[in-house]
Amino acid sequence: MTRNKVFQLHVPEPQCRPGDTPDFSAFDVPKAGEVDRPAVDVDAEDIRHLAYEIVRVTDDEGEAVGPWAPDLTEEEALKGLRDMMTVRSLDARMLIAQRQGKTSFYMQSLGEEAISCAFQAALSPGDMNFPTYRQQGLLVTAGYPIEDMMNQVYSNSADPLEGRQMPVMYSAKDNSYFSISGNLGTQFVQCVGWAMASAIAGDTKIAAGWIGDGATAESDFHSAMVFASTFRPPVILNIVNNQWAISTFQGIARGKAATFASRGLGFGIPAIRVDGNDFLAVHAVAKWAAERAHLGHGATLIEHVTYRAGPHSTSDDPAGYRPKTEAADWPLGDPIKRMKAYLIARGIWTEERHAQAQAEIDSEVLAAQKRAESRGTLHDGPHPSSKGMFDDVFEELPAHLIRQRQEAGI
Amino acid sequence: MARMTMIEAIRDAHDVSMSRDEKVVVFGQDVGYFGGVFRCTKGLQQKYGMQRCFDTPINESGIVGTAVGMAAYGLRPCVEIQFADYMYPAYDQLVSEAARLRYRSNGDFIAPLTVRMPTGGGIFGGQTHSQSPEALFAHVSGLKTVIPSNPYDAKGLLIASIEDNDPVIFLEPKRLYNGPFDGHHDAAVTPWSKHELGEVPEGHYTVPLGKAAIRRPGADVTILAYGTMVHVALAAVEETGVDGEVIDLRSIVPLDLDTITESVAKTGRCVIVHEATRTCGFGAELAALVAHHCFYSLEAAIVRVTGYDTPYPHAQEWDYFPGPKRVGAALTQVMEAS
Ligand SMILES: Cc1ncc(C[n+]2csc(CCOP(=O)(O)OP(=O)(O)O)c2C)c(N)n1
Ligand SMILES: [Mg+2]
């Protein structure tokens, strides 16, 4: 007879903590160009391997290789670089503004710019994103004015959301950007509902949901998956695996599963992992999934493999839970540098033009910041009027809120 | 004795409880290695090991659901929800499960768990880091709801909550973590090290659930408050010169009705203050109780000063927050009525 084992709880731990030398040796970086590109009507069963491999297009020399290499026009490729640089420049300015006390809070997408910028470029007008707080690249790429983003971050007199939301919780319906909730995961399932509505209404628009690696643990992630599996709506479900969820490493949410993408397989949803720091690869996979949705083949799950290069937010200091140099050692490199190398290899970009573009973008961002600050900052005002605090709770102001507003004397 | 912040006092309560009883386990998002985003569990994993203090996946229903299972097994889980605003996915586990386990099994199974969560506003946290959902717990039969207003109470109440054999919701006013914030947001906050209730005894002690504290005796009006609003009320009394009796309820379920009714019988006036929205807020329950039990002593209508019935706004935080000016106006109003 076998003896019963005395149990111990298994608690996963990351390989490295502060003081350790970062070690990504267990992270297998596949060569660019090696993963096959299936037809868009493929069955999830037939591409199980794509949930474990990583689609990569841009190689170390900046060449776009393999079946996923997209044929971007010169203009599209240069816009991609420019959008990413704009996001990074915007983040840098807003980070400083927060440190200067001009607003309460900020969240960067440092190192993750390729994901949202390349993805948005693959959508069509009228499609709808349900982003998290780290997809500012969707807005920038969709052409939303960065000045209005800043107005929101400053909660100033020109804030499109009237000062009601914390910084970065944008909403921009006309730019395919659903209102951000601070509650993790809730919108992943709403996105499936939006796509179901598109199907019910006989429309041709698709929806894209966004969730972090950590937030995939929320029950709403699983709700989204089962509805997407059952009703096959035109939806793209994006997991941004940036390795960290505040202080917890991805193993806490992933558990024993090999990858986040593989979560799709049990639901019969095709799942693809992509190099999230490779603009071309993200764009190609997004196009594939969008085409699949548009042709009525239903949902796709995409895991974007990337690294959160900055702190979680301005309230966070990662020095307390991960090695300081881990970001620098991240094996998939920096998305902007890689896109630049690609453009140079393609012969449509140079170091000089890059430096010039950087200066132009920085001065545009700075000019937008000046204009935004002329409309106020959270610290100094002017703010949206407090009277408006009572509006939009309901379509019409009910009697009890009229009374409370009178009582408030505003 | 040592002067502590509320964060240190809460950490110490964990430490004392974990060292006395190996059945106490602590977990939640970012709670293990890092020690919590507010650092309330810092050092516990290093001291007590991964089996007793660990990080969880981001799933509030999972955190509370597993805590119910562990509690039913015989452990004493004390879990953290990162912000009270994120407890809603766990609400079903609290309402349908934790709160009713004892009743539906006729005591066959019980759920002695503590669910801690930072509550309240004042940090420009907008609608997802500022809510005060205490009434949503108080409304549920079978849950106790505790809200400390200072480090001494925080430690004693948390130890009592962990030792309690029923589920306890432990709401930590985050604006009080580092000092007795009184609503004057433009002024520097006195640190707890300069406040007498920052004095925290070493080792084990409890503050019983269901026992209010009179923070300031007064003859003219009773002010019922808890959490941050205790300090706001004290400031309002100071600034208006109204001789208010400030009662810190400390727990709303169980509720110390005797202290409340004795006070109102003496003062004849009652102002109720909370940060949460007004409609069906806990102030409504308090007002009903006072009206019923002290009807013949009342010389003025009971007044509530609360958050407005809107989501918690970001930029308009200080117009929303029921600060000392609004509480002061209510004090003047009840004194003028009669
Ligand atoms: C329901 C809910 N629980 C907890 C939080 C607090 N919180 C905010 S962000 C975050 C980490 C999310 O990590 P991940 O999903 O990996 O996204 P990332 O920040 O890395 O982009 C947590 C725990 C929240 N916002 N909502
Ligand atoms: Mg993450």
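The values are calculated or read from the model by the stated rules, or taken from the named source; none is laboratory data. Note that the structure is predicted; figures quoted are calculated from it, not measured. As a convention, Cβ positions derive from the backbone with ideal geometry for all residues, glycine included, and neighbour counts pool all protein chains shown. Each accessible area value is taken on the protein alone, full model and side chains, heavy atoms only, with ligands, DNA and RNA left out. Shrake-Rupley method; radii C 1.70, N 1.55, O 1.52, S 1.80 Å.
Tally the residues that are free of Cβ contacts under 8 Å to residues at least 60 places away in the same chain and under 18 Å from the mean Cα position of the chain (by Cα), restricting the search to segment A:246-281.
Residues that pass the stated criteria total 3.
Can you pull out every residue in segment A:50-81 that is without any contact (Cβ under 8 Å) to a residue 40 or more places away in the chain and open to solvent by 60 Å² or more (accessible area, probe 1.4 Å)?
Those that are without any contact (Cβ under 8 Å) to a residue 40 or more places away in the chain and open to solvent by 60 Å² or more (accessible area, probe 1.4 Å): A:D60, A:P67, A:D71, A:T73, A:E75.
Within segment A:199-231, work out how many residues are open to solvent by 10 Å² or more (accessible area, probe 1.4 Å) and not in a loop (DSSP other than H, G, I, E, B).
The number of residues fulfilling the criteria is 13.
Residue under question is A:R338, and the condition is that it be open to solvent by 80 Å² or more (accessible area, probe 1.4 Å), more than 10 Å from chain B (Cβ to nearest Cβ) and part of a helix (DSSP H, G or I); does it hold?
no
Filter segment A:164-190 down to the residues that are in contact (Cβ under 8 Å) with a residue 60 or more places away in the chain, surrounded by fewer than 21 Cβ atoms within 10 Å (Cβ to Cβ) and within 13 Å of another protein chain (Cβ to nearest Cβ) and list them by number.
None - no residue of segment A:164-190 is in contact (Cβ under 8 Å) with a residue 60 or more places away in the chain, surrounded by fewer than 21 Cβ atoms within 10 Å (Cβ to Cβ) and within 13 Å of another protein chain (Cβ to nearest Cβ), so the list stays empty.
How many residues does segment A:248-274 contain that are part of a loop (DSSP other than H, G, I, E, B) and within 11 Å of ligand 2 (Cβ to nearest atom)?
Residues that pass the stated criteria total 1.
Going by the structure shown, is B:D108 open to solvent by 20 Å² or more (accessible area, probe 1.4 Å) and in contact with a strand residue (DSSP E or B) (Cβ under 7 Å, 6 or more places away or on another chain)?
no
Kindly indicate whether any position in segment A:225-237 is within 16 Å of ligand 2 (Cβ to nearest atom) and in contact (Cβ under 8 Å) with a residue 40 or more places away in the chain.
Among the residues of segment A:225-237, at least one is within 16 Å of ligand 2 (Cβ to nearest atom) and in contact (Cβ under 8 Å) with a residue 40 or more places away in the chain, which makes the answer yes.
What are the residues in segment A:134-163 that are part of a loop (DSSP other than H, G, I, E, B), open to solvent by 20 Å² or more (accessible area, probe 1.4 Å), in contact (Cβ under 8 Å) with a residue 60 or more places away in the chain and of a type outside the set (D, E, K, R), if any?
A:P145, A:S157, A:A158
Can you name the residue in segment A:207-224 that is within 16 Å of ligand 2 (Cβ to nearest atom) and of a type in the set (A, V, I, L, M, F, W, C) and, of all such residues, is farthest from A:S181 (Cα to Cα)?
The qualifying residue farthest from A:S181 (Cα to Cα) is A:A217.
When the residues of segment B:137-161 are narrowed to those that are open to solvent by 10 Å² or more (accessible area, probe 1.4 Å) and assigned to a helix (DSSP H, G or I), which ends up nearest to B:H274 (Cα to Cα)?
B:A138
Restricting to segment B:75-105, and then to whatever is small (G, A, S) and surrounded by fewer than 18 Cβ atoms within 10 Å (Cβ to Cβ), can you tell me which residue is nearest to ligand 2 (Cβ to nearest atom)?
Step by step, filter segment B:75-105, then rank; the result is B:S96.
For B:T279, only one of the following conditions fails: (1) closer than 30 Å to A:Q152 by Cβ; (2) of a type in the set (V, I, T); (3) more than 14 Å from chain A (Cβ to nearest Cβ). What is its number?
Result: B:T279 fails condition (3) only.
If you scan segment B:298-323, which residues turn out to be in contact with a Ser or Thr (Cβ under 9 Å, 6 or more places away or on another chain), away from chain A (no Cβ under 14 Å) and crowded, with 16+ Cβ neighbours inside 10 Å?
Hit for segment B:298-323 is B:A300, nothing else.
Please determine whether any residue of segment A:322-329 is in a helix (DSSP H, G or I), away from ligand 2 (no atom under 16 Å from the Cβ) and either among the acidic types (D, E) or surrounded by 24 or more Cβ atoms within 10 Å (Cβ to Cβ) (or both).
There is at least one residue in segment A:322-329 that is in a helix (DSSP H, G or I), away from ligand 2 (no atom under 16 Å from the Cβ) and either among the acidic types (D, E) or surrounded by 24 or more Cβ atoms within 10 Å (Cβ to Cβ) (or both).
State all residues of segment A:389-404 that are in a helix (DSSP H, G or I) and more than 8 Å from chain B (Cβ to nearest Cβ); if no residue qualifies, say none.
A:A399, A:I402, A:R403
Condition first: touching a residue at least 60 places away in the same chain (Cβ under 8 Å), touching a helix residue (DSSP H, G or I) at 6+ places or on another chain (Cβ under 9 Å) and more than 16 Å from ligand 2 (Cβ to nearest atom). Now tell me which residues in segment A:110-133 satisfy that.
If the condition is that a residue be touching a residue at least 60 places away in the same chain (Cβ under 8 Å), touching a helix residue (DSSP H, G or I) at 6+ places or on another chain (Cβ under 9 Å) and more than 16 Å from ligand 2 (Cβ to nearest atom), then A:C117, A:A118, A:F119, A:A121, A:A122, A:L123, A:S124, A:D127, A:M128, A:N129, A:F130 are the ones that fit.
Does A:D213 fit the bill of being within 10 Å of ligand 1 (Cβ to nearest atom) and within 18 Å of the chain's Cα centre (by Cα)?
yes
Could you check segment A:275-300 and list, in sequence order, the residues that are touching a Ser or Thr at 6+ places or on another chain (Cβ under 9 Å) and outside any helix (DSSP H, G or I)?
A:D275, A:G276, A:N277, A:D278, A:G298, A:A299
Any residue that is outside the structural domain of A:F119 (by TED's automatic domain parsing), at positive phi, open to solvent by 40 Å² or more (accessible area, probe 1.4 Å) and part of a loop (DSSP other than H, G, I, E, B) - is there at least one of those in segment A:17-40?
Yes, the conditions are met somewhere in segment A:17-40.
Collect the residues in segment A:232-247 that are within 11 Å of ligand 1 (Cβ to nearest atom) and part of a strand (DSSP E or B), keeping them in residue-number order.
A:I239, A:V240, A:N241, A:W244, A:A245
Yes/no matrix, rows are residues, columns are (1) in the same structural domain as B:V140 (by TED's automatic domain parsing); (2) open to solvent by 10 Å² or more (accessible area, probe 1.4 Å); (3) under 18 Å from the mean Cα position of the chain (by Cα):
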position	(1), (2), (3)
B:K194	no, yes, no
B:A225	no, no, yes
B:V242	no, yes, no
B:R250	no, yes, yes
B:I260	no, no, yes
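Residue under question is B:V26, and the condition is that it be in a strand (DSSP E or B) and assigned by TED's automatic domain parsing to the domain that holds B:N165; does it hold?
Judged against the criteria, B:V26 is a match.
For segment A:126-182, which positions are charged (D, E, K, R) and within 12 Å of the chain's Cα centre (by Cα)?
A:R134
Restricting the search to segment B:20-62, which residues are facing chain A (nearest Cβ under 9 Å), open to solvent by 30 Å² or more (accessible area, probe 1.4 Å) and of a type in the set (A, V, I, L, M, F, W, C)?
Passing the criteria: B:V37, B:M50.
Condition (residue is away from every other protein chain (no Cβ under 11 Å), open to solvent by less than 10 Å² (accessible area, probe 1.4 Å), within 21 Å of the chain's Cα centre (by Cα) and under 17 Å from B:Y226 (Cβ atoms)) applied to segment B:326-335: is it met by at least one residue?
yes
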